[in-house]
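> Have a look at this one.
The values are calculated or read from the model by the stated rules, or taken from the named source; none is laboratory data. Just so it is clear, the model here is predicted, and its values are computed rather than measured. All Cβ positions, even for glycine, are placed from backbone atoms using ideal geometry, and neighbour counts span all protein chains on display. Surface accessibility is based on the protein's heavy atoms, side chains included, excluding ligands, DNA and RNA. Shrake-Rupley method; radii C 1.70, N 1.55, O 1.52, S 1.80 Å.
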Amino acid sequence: MNWVFLAKAGSDDDSKGLGASFIFGDSLVDAGNNNYLQTLSKANIPPNGIDFKASGGNPTGRYTNGRTIGDIVGEELGQSHFAVPYLAPNTTGKAILYGVNYASGGGGILNATGRIFVNRLGMDIQIDYFTTTRKQFDKLLGPTKAKDFIMKKSFFSITVGSNDFLNNYLLPVLSIGARISQSPDSFIDDMITHLRAQLTRLYKLDARKFVVGNVGPIGCIPYQKTINQIKKDQCVELPNKLAIQYNGRLKQLLTDLTETLPGSTFIYANVYDLVLELITNYDKYGFSTASRACCGNGGQFAGIIPCGPTSSMCSDRSKHVFWDPYHPSEAANVIIAKKLLDGEKRYISPMNLRQLKDL
């Protein structure tokens, strides 16, 4: 999941304002980077974006019908611009002062993740790109002001890990070798080792305020339910078990990093429990289904073929927890974003995003 934050770039009168938001991750946060890649993972086709007002309902490369969680959080915190996709040609000069989005559909912590899509930006490449952005900030603001702006006023949000399971470890075709040669423990060890190095790299580039999302209940997405042919109120056990195991390790990693990297704050966003709550009690939140994709085709839950111009689409998009076989709808994103902004410690710890903003 992604967060885009208030960015009153360089304005001295706005002491509460954030500098920039830097967003790393996968398709839950991609705001259009994959539009510029030769890749099989793309969302710049209708009806994606049908409820995205900023584009007049045209697709932008966001993998949902409207705003991502990041867009919504940004608006709630008074942001005037969404963070711009790094690969977009107009992401130059002062445009970057509001923040930059490096996220890429199909990307993961491990470099092998998502190779089924041919091209995607993994976390290592995303951080390479931030290194370039970091130099641009020195040029724009001068080294002293740039360092201050990034350390004290900017957010780094990281939403990654789902694809390392869905499009790597659990992939029947590509990863049978990996699964035979690697136990879940060893695979998750690799993920944590890589992520530790990646977050430390960002810290060395002056990142201080981090929000890291855990992996959601990937065994409950329409795609997994459809291919495993289970009932509508069931979830697939193995993917969820892997997510829970990884999430435990992630939480510990963030605690360790906060203790060992002076001046850093690592926020743990418990997306797993948040989304599971929505799926379990969907009717309480005004949804009519948490199992069927609004836009998609194939099988009982429209969960096989991704959303595109020939997909069948539900009549009321606000009644579906899932927009497509993989991603939440804007209506679900609104509920999740509000919990991350103002929620209690079981969902976001050690503080929520509004408290982090004022830190």
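> Could you check the simple spin-label distance between Thr255 and Lys135, using points 7 Å along Cα→Cβ, in nm with one decimal?
Each label point is offset 7 Å from its Cα along the Cβ direction, giving 4.0 nm.
> Additional query: Would you be so kind as to identify all helices of the chain, as entire DSSP H runs, whose Cα atoms reach 24 Å or more along the helix's own axis and whose mean Kyte-Doolittle hydropathy is at least -0.5?
Result, helices passing both filters: 123-141, 184-204.
> If you don't mind, there's one more thing I want to ask. Pick out which of Ile336, Ile218, Ile305 has the largest mean-square fluctuation in a Gaussian network model of the chain, springs linking Cα atoms closer than 10 Å.
Ile305
> Next question, about the same structure. For the chain, take N as its residue count and report Rg(C-alpha) divided by 2.2 N^0.38 Å.
Ratio of Cα Rg to 2.2 N^0.38 Å: 0.92.
> Right, something else. Between Ala54 and His81, with labels modelled 7 Å along Cα→Cβ, what's the label distance in nm to one decimal, could you check?
Going from the Ala54 label point to the His81 one covers 1.1 nm.
> Given a Förster distance of 30 angstrom, what is the FRET efficiency for Thr310 paired with Asp189, based on the Cβ-Cβ distance and rounded to 0.05?
0.10
> Give me the number: length gained by fully extending Leu238 to Leu359, i.e. 0.36 nm times residue separation minus the C-alpha to C-alpha distance, one decimal in nm.
That pair, Leu238 and Leu359, stretches by 39.7 nm at full extension.
> Shifting gears a bit: Using a 1.4 Å probe and counting only protein heavy atoms, arrange Glu344, Glu237 so the residue with the most accessible area comes first.
Glu237, Glu344
> I need two numbers for region 266-359: Rg to one decimal and Dmax as a whole number, Cα atoms only, in Å.
15.1, 48
> Hey, another quick one. Going through the cross-link list Lys231/Lys251; Lys53/Lys147; Lys251/Lys345; Lys241/Lys357; Lys153/Lys339, which pairs have a Cα-Cα distance over 24 Å in this structure?
Lys231/Lys251; Lys53/Lys147; Lys241/Lys357
> In the full protein assembly as shown, how much of Asp283 is accessible to a 1.4 Å probe, in Å² to the nearest 10?
Around 110 Å² of this residue is reachable by solvent.
> As a test of reading the structure, rank Ser349, Ser288 by solvent-accessible area (1.4 Å probe, protein chains only), most first.
Result, largest first: Ser288, Ser349.
> In what order, largest first, do Met151, Met313, Met191 sit by accessible area if the probe radius is 1.4 Å?
Final ranking, largest accessible area leading: Met313, Met151, Met191.
> State the extension gain, in nm to one decimal, for the chain segment bounded by Gln38 and Arg115, taking 0.36 nm per residue of separation less the distance between their alpha-carbons.
26.5 nm
> Still on this structure, I have one more. About the Cα centre, and with charges only on the beta carbon of Lys, Arg (+1) and Asp, Glu (-1), how big is the dipole of the chain? Nearest 20 debye, please.
280 debye
> Now a separate question. In square angstrom, what is the accessible area per residue of region 180-236 with a 1.4 angstrom probe?
That works out to 42 Å² per residue.
> In addition: If you roll a 1.4 angstrom probe over the protein chains with everything in place, what fraction of the accessible area of the chain belongs to carbon and sulfur, to the nearest %?
Its accessible area is 54 percent carbon and sulfur atoms.
> Oh, and also: What residue among Phe137, Phe165, Phe24 shows peak mean-square fluctuation when the chain is described by a Gaussian network model with Cα springs under 10 Å?
Greatest mean-square fluctuation among the candidates belongs to Phe137.
> Using a Gaussian network model of the chain whose springs link C-alpha atoms within less than 10 Å, name the residue from Thr60, Thr113, Thr132 with the highest mean-square fluctuation.
Of Thr60, Thr113, Thr132, the most mobile in the Gaussian network model is Thr132.
> Restrict the search to region 192-301; then list the trypsin sites (Lys or Arg not before Pro) that DSSP places in a loop and that have at most 14 other Cβ atoms within 10 Å of their Cβ.
Listed in order of number, the matching sites are Lys231, Lys232.
> If the label point is 7 Å along Cα→Cβ of Lys231, which residues in region 266-289 have backbone nitrogen under 14 Å from it?
Output list for this probe position: empty.
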